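A quick write-up on the structure given underneath.
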Amino acid sequence: MSNFDFLKTFNNDLYKIGVRLEDDVQTSPRAVTADATTFLELLVDDIYNRSDCKKENFKVPFYKKIDKLYRSGEISYVYKKKLQNAYSLRSEIHNNYKDIEQEFYIALDLHQKLYYIAKKYYRDYNENYNKYIGIPSYRPPKMNNIETRSFKEFHFPNCIICGDKNENSDSNMCERCNSKIENANYYISLRNTFGKNNEFTKRDLIEYGIPESYALSLIMDLTKENLVWKMGEFFSFNNDVFDEYLSQINSYIEISILINKFYNDELTPREIKRTPEYHKGLKGHEPFVEFHNLVNDRLIRVFERSIINLEDIKTSIDFASISYDDVLEWFCNEKNAFMCGELNDAFINFNELLIEDYLSEIKKGCFDEEKIKQKLNVTPEIYDFWMDYYIDGELSDEILNVKKILIIDELSRNKTLIQAIASVDMTSDEFKEIYGESKKNNDSFYRSFMREYVEKRQVMILKYLKRDNLTDALRKARIAKKEFHRWYFDGEVENSRFYLDVTQILMDKYLDLRKKGLSCEDILKEIKVPRDIFESWSSYDNQIFFSDFMKKAKEIDDELEKRDLIIDGLRNDKSLDDILNENDMSYDEFKELYDSSRIIGSSFHRKYDIEHVENKKRVFLRYLRGNDFFNAIVKSRISHKEFNDWYTKEERSFLSRNDPSQFYLTATTLLMDKYIAYRLKGNNKGESSKNIGLTNTAVTYWMKHPEVDLFAKFKDRVIESEVKLIRQGFNEGKSKMEISDTYDIAVKDINDYIEKGLNDSGLFGEIAEIYYGEVVSRQLEVFLEEVENKDYKKALKNSNFTSSELEECYQMGKDGDERYREFYEKYLDLKINIFITDILMKKPRRIALKNSNLSEEEFEENEEAISDSILNGRLDLMLDAMLKPRSKGTSLASAANISLEEVYDWYFKGKKGDERFEEFSICFDLSIVIPRKAAFNRGINLGLYKNRMLIKLKKDLGKNEFEIWKKHGIIENKDVRYIDLNDEEKVDMNMVTKIIRRSKKAYKVSKEEDPELFQYMKNAFKTLA
């Protein structure tokens, strides 16, 4: 970020040079010369371009260019000096060979001067600039590879301790003060030798090594300074005075250090003023007075430098850490020097800045000069100096120019001319004198006054006049009538644009009001136009502009005559259509006449209402009582549109004021009756509304305003009619959905009516009784039939039930309601059966619960019965599976959706006498075990190896089932239970028969092999036969 960034959008060429110059300071200080020259030349040329001062010769030297700008008043004396100094400093680095460090500091100094030059240039020539806002403070470039400047010893002409002239070039203290420091060191050594509290004599000093001649002189110096007490020939140290003396001598050294630090800028003005030494000097304590004076002199120099660079008095005072009393003292000193011909740039800049602040206060609207002087600390000495020696009377002219600017500014803020003049503490006569002189010279004030006041106010008059009367337009534009009249009649003579535009607007207003039936006098009162202006129009009837106005006024007179014809026709009992046809008028033309009369409050619309509308309304209501709506319209010879206009208007009036007309009350009551009748005939809401000439929205609007008694009663009647339709539907065997579709009644409303009927003995109670007594029972039967073969949702739909309705009935039956007890029991059994079926069909428990609509609670309540049913079902599935060829345990497990282990567990339980599995176990033996054992034994008898037969058995059963046989010794076990073929309670003989017939070949057993089995099979087939 560069110090010159603020120039980027204002003068980009200067900005680029400034950035490059800033880089050169750090990298190549000698290169700053060329960039600084270009920077200064370009800046001065741009000042010429932006000002009225023109260059006559472009080859003029730089110093002459800036001198011409100064003499023309374009730049100040101080700014001229700044430009000169910068140009000279540029030459210094250019013409002299310095060491690298010295070149850097010269380039840095030049960089800073160019920054402040550019800052003032930006402030003075940028219209959008406001007191350095947005411009950052100066930041020195970083010192790359340059060591910090070494401490410099300053030499002052007078001693910094006592203030006497100092002839010693090696020290800032005179010989006497330096000797005090040296003596002090000797005195300290002497006291350290003899001791603070011991006595000594002259002889002791000589023995110490001090020459006798010097010893006497030393004792005299010590006595003179009161550093020793004399008691006879003995001396002793006055320690209090001695310590104070040493402290004072130490202050000499501290003062020397502080003054050099301050002058080397190692201490800021605020820091030096906070030191004890400065405060002691301020109070007149020695040896600090001269130090105080030197610091103050340095602070004044800091203030002067700040005034030149910062160009801000308050900031400069704060930066230098001085008081305004110091400034006034400095001013008086510099004023005397100025009067003697000595020019101080800071003094000149201080006055220019203070005068600028003085004028700024006036620009803010403060014309009390005493207040301004007090606020800005302008003392009589300063003000008198301005008047007598510095400005030569130009301040009064400048103040007048400021007042002119403020007047224009106030007028641009829509203030009246009187207010603007008063705001600058000026009388009307003074303004007339100033205005007359400006108009005569056609100067900038006159041009601005015409542009900012006269022209803009005329535009405002035209703007407001388009929608207001003349008086209101002048008030809003903040123009006096007298002033407007002067502009208007002056414009009449000149045929100005303002005159023509005002006249056109006033003529249009006149014609509009005349068209509405107002007389000429009423119109002039309405638009607040003076008669002399109106009468002036007729004197130009030979011009097209005014002749058009007269022509239009005549046409409006003809229209007013038509209004009278309409009223006369109505009084003669003619219809509106007949009257319009006779006078060649359209209905839209009539409507325009009617509406305009109503807006302005003329008599036409009232007469029309009385003679036509009220009569037609009465006729329409008479026909409406005995006819439908559309026949009443035809017979009363009005249009549907006319009725809608009347009805809508009176309904709005009724709702806003709650004061219905007789027409509105009667018409609404009849229409409501007809609407109810249509609904009871079975028409839907839209058809019923259409039959009474209204929209469904209009009828719904009645229902939504029960706070109106008329509408509240209608709503009750509508509800009653809907309840009757519901009752009719229930009696016809319709469901709620069917009633909703047929009679256009929302299911929600039907439910609400039924709910209300539970605690009502009237009409609502009747439909509730029908619904719960007949409709619901009928729908529940349908549901049970449907849900047995279809899914739940389809069953609901086909039975015209909602899920919530069905659950309600189901819960009521569960809670003991006798009306739904049977349904509850049947539906619960059905849900359980569906659940069991799904389980047996190998569906997951979650799916089975969902498909059966069986809740977890219901499942838990009936879990034992469900489990038994599932067990029996699985046993039946396995018995069925036994009928298939080559059945075995795995095929039974798959059929029943259980594990192979469970199959054999049940088999062994049956063999052990568990009655639940006894039949299964017997059939398992007959179907699976006995045939395989018989085949196994037959193979052995035929001479096959046992291992080979076991391999075949394993292949037949499968590995897992074979291992179960092997584990439980089923092959070797000879314990075969034979069925009591006559015990039908334990054995399903049909199933046994089927198994034996399927396995008939397997049961061929010889009498020799197994006599018991042979006899059992023989008896079995004999029994079956």
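The values are calculated or read from the model by the stated rules, or taken from the named source; none is laboratory data. What you see is a predicted model, and the numbers here were worked out from it, not measured in a lab. Backbone-built Cβ (ideal geometry, glycine too); neighbour counts: all protein chains shown.
For the range 270-295, the set of residues classified as under 60 Å from the mean Cα position of the chain (by Cα) and β-branched (V, I, T) consists of I272, T275, V295, listed by residue number.
Residue by residue through the range 780-825, note down the ones that are touching a helix residue (DSSP H, G or I) at 6+ places or on another chain (Cβ under 6 Å) and of a type in the set (K, R). Within the range 780-825, K814, R821 meet the criteria. Looking across the range 332-383 at every residue that is part of a helix (DSSP H, G or I) and small (G, A, S), the one that is nearest to K120 (Cα to Cα) is identified as A346. Whether a residue is assigned to a helix (DSSP H, G or I), more than 60 Å from the chain's Cα centre (by Cα), closer than 24 Å to L875 by Cβ and of a type in the set (K, R) was assessed, and K952 does not pass this test.
Residues that are small (G, A, S), under 30 Å from L518 (Cα atoms) and outside any helix (DSSP H, G or I) within the range 583-641 comprise S586, G601, S602, listed in sequence order. Exactly one residue out of L328, L246, L258 is free of Cβ contacts under 8 Å to residues at least 40 places away in the same chain and hydrophobic (A, V, I, L, M, F, W, C): that is L258. Taken residue by residue, the range 806-815 has at least one member that is more than 52 Å from the chain's Cα centre (by Cα) and charged (D, E, K, R). Of the residues L518, L513, the single one that is outside any helix (DSSP H, G or I), under 30 Å from D558 (Cα atoms), assigned by TED's automatic domain parsing to the domain that holds I407 and in contact (Cβ under 8 Å) with a residue 24 or more places away in the chain is L518. Can you pull out the helices (runs of 4 or more DSSP H) entirely within the range 198-275 that have at least 3 residues that are over 30 Å from S171 (Cα atoms)? Here the list reads 202-207.
As for the range 856-864, it holds no residue that is polar (S, T, N, Q) and part of a helix (DSSP H, G or I). Considering only residues in the range 624-663 that are within 16 Å of T695 (Cα to Cα) and among the aromatic types (F, W, Y), the one that is surrounded by the fewest Cβ atoms within 10 Å (Cβ to Cβ) turns out to be F630. Can we say I745 is within 51 Å of the chain's Cα centre (by Cα), outside any helix (DSSP H, G or I), of a type in the set (A, V, I, L, M, F, W, C) and farther than 30 Å from L849 by Cβ? Yes; evaluated as a whole, the condition is true for this residue. Of all residues in the range 479-491, those satisfying the criterion of being surrounded by fewer than 16 Cβ atoms within 10 Å (Cβ to Cβ) and assigned to a helix (DSSP H, G or I) are K481, K482, E483, H485, R486, F489, D490. Of the candidates E207, E212, E244, the single residue that is surrounded by fewer than 17 Cβ atoms within 10 Å (Cβ to Cβ), modelled with pLDDT of 80 or more and either of a type in the set (G, A, S) or in the same structural domain as M173 (by TED's automatic domain parsing) (or both) is E244. Just need a number here: residues in the range 72-90 that are outside any helix (DSSP H, G or I) and small (G, A, S). Matching residues across the range 72-90 total 3. In the range 660-679, the residues that are closer than 14 Å to F714 by Cβ form Cβ pairs under 7 Å with partners that are among the β-branched types (V, I, T) and part of a loop (DSSP other than H, G, I, E, B), at six or more places apart or across chains, as follows: L671/I692; K674/I692; Y675/I692. Evaluate the range 856-868: report whether one residue or more is within 30 Å of A768 (Cβ to Cβ) and surrounded by fewer than 19 Cβ atoms within 10 Å (Cβ to Cβ). Among the residues of the range 856-868, at least one is within 30 Å of A768 (Cβ to Cβ) and surrounded by fewer than 19 Cβ atoms within 10 Å (Cβ to Cβ), which makes the answer yes. Just to be sure before I move on: is D532 farther than 24 Å from L411 by Cβ, of a type in the set (D, E) and surrounded by 15 or more Cβ atoms within 10 Å (Cβ to Cβ) in the structure I sent? No, not satisfied. Using the structure shown, decide if L282 is surrounded by 13 or more Cβ atoms within 10 Å (Cβ to Cβ), of a type outside the set (G, A, S), in contact with a strand residue (DSSP E or B) (Cβ under 9 Å, 6 or more places away or on another chain) and under 30 Å from A184 (Cβ atoms). Criteria not met by L282. Taken together, D838, D829 contain a single residue that is without any contact (Cβ under 8 Å) to a residue 40 or more places away in the chain, of a type outside the set (F, W, Y) and either over 20 Å from L784 (Cβ atoms) or surrounded by 17 or more Cβ atoms within 10 Å (Cβ to Cβ) (or both), which is D838. Within the range 1-50, restricting attention to residues that are small (G, A, S) and touching a residue at least 24 places away in the same chain (Cβ under 8 Å), the residue that is nearest to G73 (Cα to Cα) is A36.
Note on the range 56-106: among residues that are surrounded by fewer than 14 Cβ atoms within 10 Å (Cβ to Cβ) and aromatic (F, W, Y), the one that is modelled with the highest pLDDT is Y63. Pairs meeting the criteria (first residue in the range 633-653 and modelled with pLDDT of 85 or more, second residue among the small types (G, A, S) and part of a helix (DSSP H, G or I), beta carbons under 7 Å, at least 6 apart or on different chains) are Y647/A667. Here N336 passes the criteria (1) over 30 Å from S137 (Cα atoms); (2) buried (at least 20 other Cβ atoms within 10 Å of the Cβ); (3) of a type outside the set (D, E); (4) at pLDDT below 85 except the one numbered (2). Scanning the range 24-71 for residues that are touching a Phe, Trp or Tyr at 6+ places or on another chain (Cβ under 9 Å), outside any helix (DSSP H, G or I) and among the polar types (S, T, N, Q) yields a single hit, S51.
Counting only helices (runs of 4 or more DSSP H) wholly contained in the range 421-478, the ones carrying 3 or more residues that are surrounded by 12 or more Cβ atoms within 10 Å (Cβ to Cβ) and among the charged types (D, E, K, R) occupy 428-441, 456-465, 470-476. Looking across the range 7-23 at every residue that is among the hydrophobic types (A, V, I, L, M, F, W, C) and assigned to a helix (DSSP H, G or I), the one that is surrounded by the most Cβ atoms within 10 Å (Cβ to Cβ) is identified as L21.
Quick one: count up the residues across the range 596-623 that are at pLDDT 85 or above and either of a type in the set (G, A, S) or surrounded by fewer than 15 Cβ atoms within 10 Å (Cβ to Cβ) (or both). Of the residues in the range 596-623, 1 are at pLDDT 85 or above and either of a type in the set (G, A, S) or surrounded by fewer than 15 Cβ atoms within 10 Å (Cβ to Cβ) (or both).
Across the range 821-855, the qualifying residues are those that are outside any helix (DSSP H, G or I) and polar (S, T, N, Q), and the one among them that is modelled with the highest pLDDT is S855. Within the range 153-164, take every residue that is surrounded by 10 or more Cβ atoms within 10 Å (Cβ to Cβ) and over 21 Å from G284 (Cβ atoms) and give me the one that is modelled with the lowest pLDDT. Only one residue fits best here, namely E153.
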